[in-house]
Amino acid sequence: MNTFLSAEQEAVRQTYLTFANEQIAPIARDLESHKSCLKEFLQNLGQKGYLGIAVPREYGGQGLSFVFCALFAEAVGMVEPGLGLSLANHYAVIEVLKRYGTETQQSRYLPLLARGEALGTTAFSEEKAGTDFRAVTSTVTKQADGFVLNGKKTWVINGEFAGLALVLAGAGADENNQLSLLLVDCTDKAQKCSGDAGRLGLKSAYLNTVEFKDQKLSQEANISHAKDASDVIAMYSMDVAKVIMASAAVGLNFAAMNEALEHARTREQFGTPIGQFQGIQWKLADMGTEGEAARLHVMRAAWSLENEPESFSKNAAMCKWFAAKVARQHSGEALQVMGAAGLMEDNKVEKLYRDAKAMEICLGTSEAQKMQLVDLLEI
């Protein structure tokens, strides 16, 4: 692959950066504190076309490649990384529908997702089923006219206002808990949803627990196609989400670097800007070099989704692990450059440091990525 962006991609990337700086940065703190309504903000993104970047034109999207989704997530990550978590889940549902959905499912849901009239989410995790999502205890019972879903899901991103959820459930112990993957229309309020859970970082995204109680679903809700296919589809959706989260991590790293660089230029100690000290210079050099390496990892993963699908899962695990590590390590170094000023709650780097640590855990821990790589590389 060509590791450099085309002229078209670079031009679009610049429009993404401009949009993020002008439209998102001014309200980033309000989004984090929920003073600004995230649902309305995401719907506005849909109206502007940013939620349907990779949705085919015939379904109301822009018809661009997945690389553009990654570029948009990086731009967003530079100003409000928590939005990357929201985008990751939304884009994951879109890509699953594109690859595995029936024509009926695609024509029904993709236009809604592209316009932001429905926001997508995934509901895989439970109290005792996280990385091992096959341990789910939620159940789906087949009936003559469809299915009945029961169970409680944790870590449902934007579950409070999602319009379409990709839900993983089992058939119960009597049938060896064979998994099913279901498209659940969340406008049917047969669910009970908790409020947003307080946490360390990525606070602009809503994090909910959602309980499904005797929710009736039609036959068309099933997106599984063969025995155990739901495992493959669930992993695919997770891989898509990882790439978007990694993209936001790349943006976060460069945002932290820019803050540290500006501080190093203007902060004086011992009669000279601290950026003249080699100890500070080397930190900044590391931030830039490893940030670019993380970006290349992400671009390769995003490119491989459509051009080298056999290596997509490997590339997704690699870029998520590496980009999150770089973001956490170098946002910490940026905070070190800032000194005591970086510890203050109104300092951007303090926030970026919290967000970066959460990135090493959300959508699969760094350890889980290494476990996946051990299997894929047949170590």
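The values are calculated or read from the model by the stated rules, or taken from the named source; none is laboratory data. The shown structure was predicted, so the numbers you read here are calculated from the model rather than taken from an experiment. Neighbour counts run over all protein chains shown; Cβ positions are idealised from the backbone, glycine included.
Looking only at the range 186-199, decide whether some residue is touching a His at 6+ places or on another chain (Cβ under 9 Å) and closer than 30 Å to S366 by Cβ. Looking through the range 186-199, at least one residue is touching a His at 6+ places or on another chain (Cβ under 9 Å) and closer than 30 Å to S366 by Cβ.
On inspection, D239 does not qualify as more than 19 Å from the chain's Cα centre (by Cα), closer than 24 Å to F322 by Cβ and touching a residue at least 40 places away in the same chain (Cβ under 8 Å).
Residues in the range 289-315 that are within 13 Å of V67 (Cα to Cα), surrounded by fewer than 19 Cβ atoms within 10 Å (Cβ to Cβ) and aliphatic (A, V, I, L, M): L296 only.
Looking at the structure I just gave you, is T187 among the hydroxyl-bearing types (S, T, Y) and at pLDDT below 90? Yes. Only one of the numbered conditions (1) at pLDDT 95 or above; (2) in contact with a Leu (Cβ under 8 Å, 6 or more places away or on another chain); (3) aliphatic (A, V, I, L, M) is violated by I223, and that is (1). Residues satisfying the criterion are present in the range 18-26 (criterion: touching an Asp or Glu at 6+ places or on another chain (Cβ under 8 Å), in the same structural domain as S107 (by TED's automatic domain parsing), surrounded by fewer than 20 Cβ atoms within 10 Å (Cβ to Cβ) and β-branched (V, I, T)). Scanning the range 256-281 for residues that are touching a Pro at 6+ places or on another chain (Cβ under 8 Å) and either part of a helix (DSSP H, G or I) or assigned by TED's automatic domain parsing to the domain that holds N21 (or both) turns up A264, R265, T266. Flag set for Q269, criterion: farther than 20 Å from Y236 by Cβ and at pLDDT below 95.
A28 meets the conditions (1) in a helix (DSSP H, G or I); (2) without any contact (Cβ under 8 Å) to a residue 60 or more places away in the chain; (3) aliphatic (A, V, I, L, M) in every case but one. The failed one is (2). Highlighted here are the helices (runs of 4 or more DSSP H) found entirely within the range 64-139 that include at least 1 residues which are more than 19 Å from the chain's Cα centre (by Cα): 82-100, 103-115. A7 fulfils the conditions (1) surrounded by fewer than 20 Cβ atoms within 10 Å (Cβ to Cβ); (2) modelled with pLDDT of 95 or more except for a single criterion, (2). Residues that are at negative phi, exposed (fewer than 14 other Cβ atoms within 10 Å of the Cβ) and not assigned by TED's automatic domain parsing to the domain that holds M78 are absent from the range 316-331 altogether. Selection of the range 226-259 for residues being in contact with a strand residue (DSSP E or B) (Cβ under 8 Å, 6 or more places away or on another chain) and among the acidic types (D, E) yields D228, D231.
Yes/no per residue for (1) within 23 Å of L202 (Cα to Cα); (2) touching a Phe, Trp or Tyr at 6+ places or on another chain (Cβ under 6 Å):
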site	(1), (2)
E127	yes, no
F133	yes, yes
V140	no, yes
A171	no, no
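T102 - would you say it is of a type in the set (S, T, Y) and either crowded, with 22+ Cβ neighbours inside 10 Å or more than 29 Å from P309 (Cβ to Cβ) (or both)? In short, no. The residues of the range 79-109 that are over 16 Å from L51 (Cα atoms) and of a type in the set (V, I, T), listed by number, are V79, T102, T104.
Residue-wise test of (1) of a type outside the set (D, E, K, R); (2) more than 22 Å from D185 (Cα to Cα).
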residue: K35; (1), (2): no, yes
residue: Y59; (1), (2): yes, no
residue: F68; (1), (2): yes, yes
residue: V76; (1), (2): yes, yes
residue: P81; (1), (2): yes, yes
residue: R99; (1), (2): no, no
residue: T139; (1), (2): yes, no
residue: Q143; (1), (2): yes, no
